[in-house]
Every structure is written in structure tokens, then in C-alpha cells.
Amino acid sequence: MHEYLRHCIGILREFWENDSRSVAFAMNGSGGRSADDEWSDADVLLVVRDEAFSSVRADIRGLMERLCGQIKIWLPEGESDRCVNYAFLFEKDGEQFLMDHAVFCDSCISESPYCEAGVIFFDRSGELTRADKRFMDRGTEVDIARLVDTYLVYTYLNGKYYRRKDTAKLLYIQNTLQGLHMKVLSALHPGHKFSGWPAGDFHFLSDEHQKAILEYANAPNREEIARHIISELNNFRNDAQAACRAAALPYPEEGDRFVLRQLIDAGLPAAPPSDILNF
């Protein structure tokens with residue numbers, strides 16, 4: 001991360017720690033996982049007292065411009081009456097920067113199982129620390145059986161859209177399958193801080209799993225996509241079987257064979273011989 005962004009985080013930490021409206025402050029994103037590099041942006045998370053949420057929202061743009069630099073674009077994301085993220089582009093001494101500054105009510109944090117805190121600078125109530133623990137434990141709560149069934153149903157759709165020559169829907173299916181495969185991998189690594197964003201979590205995977213995930217990123221060409229579909233299913237099967245064993249669940253082999261048979265019948269390029277159905 002750029003030295004100036006780290007400077008900004010330090011300034012914000014000091015400011016919020018001395019603001020009576022604040023409850024907790026943390027750095028998340030790649031910086032919070034110690035996975036940042038020189039091109040990383042800054043991601044921070046502020047927790048405020050419920051009754052102070054409106055006043056912080058009213059003040060925050062002016063504060064960010066005063067503490068960080070001249071704001072060029074200000075983008076509120078996921079706005080609600082209890083939480084919001086501000087993505088903003090700003091400039092300082094001719095250099096350009098991006099920061100994500102999330103703001104949550106204390107009661108919102110206390111209920112959330114999806115709050116990645118990363119590096120917690122202060123936490124007066126302890127709710128942010130507890131929310132981060134829930135985030136780390138959520139891999140053990142994944143419904144593996146439903147996830148595997150979802151993957152197989154979407155893989156089945158590949159055969160239909162291949163027959164229809166519908167490249168746009170094949171691309172949609174590829175994106176969906178990649179996300180489902182990443183969820184299986186997160187279930188295989190409980191306690192690891194997977195964020196649920198495949199592009200970010202990708203960098204925590206082994207070389208073998210990175211190769212498997214990249215296979216979903218095919219050229220926007222029907223034949224090129226189809227050439228990878230059965231290989232993707234084979235890779236997923238290996239990981240899903242391991243996840244099922246870890247959860248003491250049976251892998252749905254009959255459903256897998258049913259889907260694989262349909263892909264072969266659809267005439268997918270480079271389809272393996274039919275005896276693959278005997279895996």
C-alpha cells in the first residue's frame with residue numbers, strides 16, 4: 001500500500017479514536033489481511049453508536065476531504081439506515097488514490113456474520129471483535145449439500161445453452177460456477193479469512209486451486225467455453241468430495257453422473273469417453 005494511504009489510515013485512526021461518536025475502527029481488505037502491495041487501495045471500517053449514525057454520515061465527506069485530500073468522485077454503496085460504504089477517489093500532491101470507508105451502527109455489527117474486521121485499531125464495545133470471529137467461523141456454517149447441488153444444476157445448464165449456441169448465458173454460468181467453487185474451497189479452509197469475493201480470495205489459494213479457478217475464465221467463445229466444462233466439473237468434484245467428507249456428508253454421485261451424461265449427450269468438445277461416468 002502506498003505510504004500516503006497508510007498515513008491517511010493513521011490520521012483517521014487518531015481522529016475516530018478521539019471522536020465520542022465512534023465505537024470501533026479497523027482496517028480490512030487486503031491491508032487487513034497483510035496481503036496488500038504497492039497498488040492496493042485503503043479499506044477501513046468504522047463502527048459508531050446507533051444514535052450517531054446520521055451525524056457521522058452528514059459529516060464524513062467533509063472530514064475525508066480535510067483529512068485525506070481533494071475528493072474527485074464520492075460513491076456511497078449499499079446505503080441503509082444502519083450501514084453504508086463510501087468509495088471515494090481523491091488527490092494529494094498530484095497523486096491519485098482510492099479509499100473505501102465503511103460506516104456501521106453498533107447494533108448492525110452485533111448482528112452481522114459477514115463482517116471482516118482485519119486489523120482492529122480500537123474496539124470499545126467488543127462487538128467488532130466478536131463479529132470478526134463470526135466471520136472467520138462462517139466457513140463451518142456453509143450448507144455443503146445445497147452448494148454442491150446448486151453447482152450440479154448450473155453445470156447441467158451448460159449443456160442446454162451449448163445446444164442453443166447461447167454464448168452470453170454460458171458466460172453467466174461460468175461466472176456463477178466460479179463463485180460456487182470458491183465457496184467450496186472456503187469451506188475446506190475454516191478459519192481462513194475468505195471474503196467471498198473470488199477475485200480477492202483467489203490469491204490465498206494453492207497453485208493447483210488457482211489453476212482450477214482460472215479455468216472458468218474462458219474466452220467469450222462458445223466452443224472455447226465448452227472445451228473446459230467437463231474439466232471444471234472434475235476439478236469441482238475433487239474439492240466437493242473433500243468438503244463432504246469433512247462435513248460427514250455423502251457426495252451426490254448419482255446426480256453428478258446424471259449431469260455428466262447430459263453434457264456428453266450435448267456433444268461438448270473434448271468430452272471424455274463415456275466410462276468417465278464410472279468415477
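The values are calculated or read from the model by the stated rules, or taken from the named source; none is laboratory data. What you are looking at is a predicted structure, and each value in this text was computed from that prediction instead of being measured. Please note: Cβ atoms are built from the backbone with ideal geometry, for glycine as well, and neighbour counts cover all protein chains shown.
Brief remarks follow.
- Only residues that are out of contact with any strand residue (DSSP E or B) (no Cβ under 8 Å at 6 or more places or on another chain), within 18 Å of TRP16 (Cβ to Cβ) and touching a residue at least 24 places away in the same chain (Cβ under 8 Å) were counted in the range 62-88, giving 2.
- Here ASP93 clears all of (1) touching a strand residue (DSSP E or B) at 6+ places or on another chain (Cβ under 7 Å); (2) more than 30 Å from PHE236 (Cα to Cα); (3) not aromatic (Phe, Trp, Tyr) except the condition numbered (1).
- Of LEU233, LEU268, LEU263, all but one fail to be outside any helix (DSSP H, G or I) and either under 14 Å from GLY159 (Cα atoms) or at pLDDT 90 or above (or both); the exception is LEU268.
- Some residue of the range 244-252 being part of a helix (DSSP H, G or I) and without any contact (Cβ under 8 Å) to a residue 12 or more places away in the chain: yes
- Qualifying residue in the range 28-37 (condition: at negative phi and without any contact (Cβ under 8 Å) to a residue 60 or more places away in the chain): yes
- The residues of the range 130-162 that are modelled with pLDDT under 85 and in a helix (DSSP H, G or I), listed by number, are ALA131, ASP132, LYS133, ARG134, PHE135, MET136, ASP137, ARG138, GLY139, THR140, GLU141.
- Failed criterion for CYS68 (all others in (1) over 25 Å from the mean Cα position of the chain (by Cα); (2) exposed (fewer than 15 other Cβ atoms within 10 Å of the Cβ); (3) not charged (D, E, K, R) hold): (2)
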